[in-house]
1. Shape of the stretch 32-186 from its Cα gyration tensor (a ≥ b ≥ c, root eigenvalues): rounded if a/c is under 1.5, otherwise prolate when a/b > b/c, or oblate?
2. Just the ratio, please: alpha-carbon radius of gyration of the chain over 2.2 N^0.38 Å, N its number of residues.
3. So which aspartates and glutamates pass the test for K59, namely a Cα distance under 16 Å, with those fewer than 8 places away in the same chain ruled out?
4. Taking θ = phi - 60°, what integer Hz values does the Karplus form 6.51 cos²θ - 1.76 cosθ + 1.60 yield along the stretch 30-38, in sequence order, with x for Gly and Pro?
5. Only counting other Cβ atoms within 10 Å, I'd like T352, T286 sorted with the fewest neighbours first.
6. Taking amide H positions as placed 1.01 Å from N in the peptide plane, with prolines and chain starts having none, which residues 5 or more places from I313, or on another chain, fall under 5 Å of its amide H?
7. Taking θ as phi - 60°, what are the ³J(HN,Hα) couplings along the stretch 66-82 by the Karplus curve (6.51, -1.76, 1.60), each to the nearest whole Hz, with x for Gly and Pro?
8. What residues have an amide H closer than 5 Å to that of H143, excluding those fewer than 5 places away on the same chain, when H is modeled at 1.01 Å from N in the peptide plane?
Amino acid sequence: MTKPNRRDMFKLGAAAGATMIAASARAASPAPTAPPADNSWSNSLGAPVDARPYGQPSKYESSVVRRYIPWLSPTRLADASFTPLQDQPGIITSNGLFFERYHSGVPTVDPKEFRLMVSGRVKKPLLLTLDQIMRYPSVSRIHFIECPANGATEWPAAQLNSLQLTHGMIGCAEWTGVLLKTILDEAGIHPDSRWVLPTGSDGAHMDRSLPMVKCLDDCILAWGQNGEALRPEQGYPLRLVVPGWQGNVNVKWLRQLQVGREPWITREETSEYSELLGDGKSLGFTWVMDAKSVITFPCPEKPLTQGPGFYEIRGLAWSGRGKVKYVDVSLDGGVNFQRAKLDNPILDKCMTRFTLPYWWDGKPALIQSRVTDDTGYVQPTIVQKHKFWGHDPVYENNSIQTWQILASGEVNNVQLS
Ligand SMILES: Nc1nc2c(c(=O)[nH]1)N[C@H]1C(S)=C(S)[C@@H](COP(=O)(O)O)O[C@H]1N2
Ligand SMILES: [Mo]
């Protein structure tokens with residue numbers, strides 16, 4: 001099929017020749033001769049600045065909100081909310097929409113009373129105020145944070161007909177703070193100090209053992225998030241950002257960094273965040289988030305509502321190992337793939353946006369995206385994942401997502417076996 005030229009974008013029918021399909025209403029309507037009529041907002045003064053000391057989205061965007069799954073946490077205290085990826089235009093997740101995951105609710109931490117203790121196998125233990133931490137040389141970097149339970153409900157079978165609820169336990173933000181290495185250097189680590197245990201000050205006291213090599217590499221003690229202070233949900237006033245690694249090691253409401261020789265094997269590392277495999281063995285310390293991608297348009301929340309013709313397939317890809325190298329998109333359930341266009345910036349351990357022009361013929365289709373990262377890792381199918389992990393794990397579902405487009409334009413979450 002020859003691709004229609006730009007003027008005919010919405011008129012697939014004419015270009016498709018034999019497979020004639022009615023041109024969309026938009027293409028059929030007569031050429032406009034005058035601009036749209038004035039609406040009420042054109043004939044009156046708009047709202048003054050003092051109406052909104054802190055800006056809010058348009059009231060017409062009120063459906064763009066975080067959502068949660070009531071049966072996941074009946075008490076609502078050890079809970080998670082999901083980012084509406086279907087409404088995220090680019091790679092940055094807005095602060096008010098950034099997914100939340102916590103084990104005991106969001107604490108209200110007073111920054112004046114905040115202290116960070118650095119202790120254990122260090123030459124000079126530290127007790128730092130927030131102001132003191134902010135005096136050190138700083139960095140600002142864009143990284144995603146993804147909970148490894150993202151997609152957990154989809155392990156046994158396609159279950160939730162929603163992009164937000166199957167993929168929304170991820171967010172991507174610009175994090176500003178001081179490198180963890182800077183603070184560890186200040187405390188002076190002993191040569192045999194190979195592990196760090198960050199602990200949160202919330203009721204859950206979340207703690208995870210982190211190998212020193214990662215701590216000295218790219219971890220950030222962050223106080224800034226997308227142009228403002230961290231949100232309470234994200235760990236105000238200070239969180240650890242561990243780029244590319246499981247969300248749970250990104251300890252929020254930070255209060256202590258212990259330095260030691262061995263991992264601590266905390267409760268979080270035995271009852272949580274280890275995975276019972278098909279052979280009965282338990283797998284722990286699976287830190288890195290493997291490469292993953294998903295088509296964000298169309299998706300169950302965003303069907304093809306304007307009939308056959310041109311659409312742009314849009315999506316997001318990321319890898320905890322490095323950069324996105326390329327994304328391939330299939331329109332036939334994974335038989336054939338074509339390379340999508342990647343939008344800049346393409347950053348390390350960061351979301352990358354991809355697009356592909358799509359002339360929909362109005363017939364049912366199975367669309368997928370598959371990312372390859374710069375280490376050569378290729379996003380696997382759910383069938384490949386099931387072979388190693390079995391059918392009932394919780395974590396690490398980075399499988400290729402299939403969306404089924406129906407002739408009506410509706411989109412469903414399906415799994416191909
Ligand atoms: N102190 C503390 N830090 C925490 C948690 C917590 O319950 N307490 N939850 C972790 C989990 S499981 C995840 S996935 C990430 C989620 O980060 P977010 O809420 O900023 O999206 O925070 C992590 N850091
Ligand atoms: Mo998590």
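Throughout, read-outs are computed from the coordinates displayed, never taken from laboratory work. From a predicted model like this one, the values you see are computed outputs, not experimental measurements. A quick note on method: Cβ atoms are made from the backbone with ideal geometry, for glycine too, and the neighbour counts reach across all protein chains shown.
1. oblate
2. My calculation over the Cα atoms of the chain gives 1.10.
3. Leaving aside aspartates and glutamates fewer than 8 places away in the same chain, those within reach of K59 are D87.
4. For the stretch 30-38, the Karplus curve yields x, 4, x, 10, 9, x, x, 5, 4 Hz.
5. Ordered by Cβ neighbours within 10 Å, fewest first: T286, T352.
6. Amide H to amide H, under 5 Å and 5 or more residues apart or across chains, I313 pairs with L356, Y358.
7. Values, residue by residue: 5, 10, 9, 10, x, 6, 5, 8, x, 7, 6, 9, 9, 9, 8, 10, 10 Hz.
8. A173, W175
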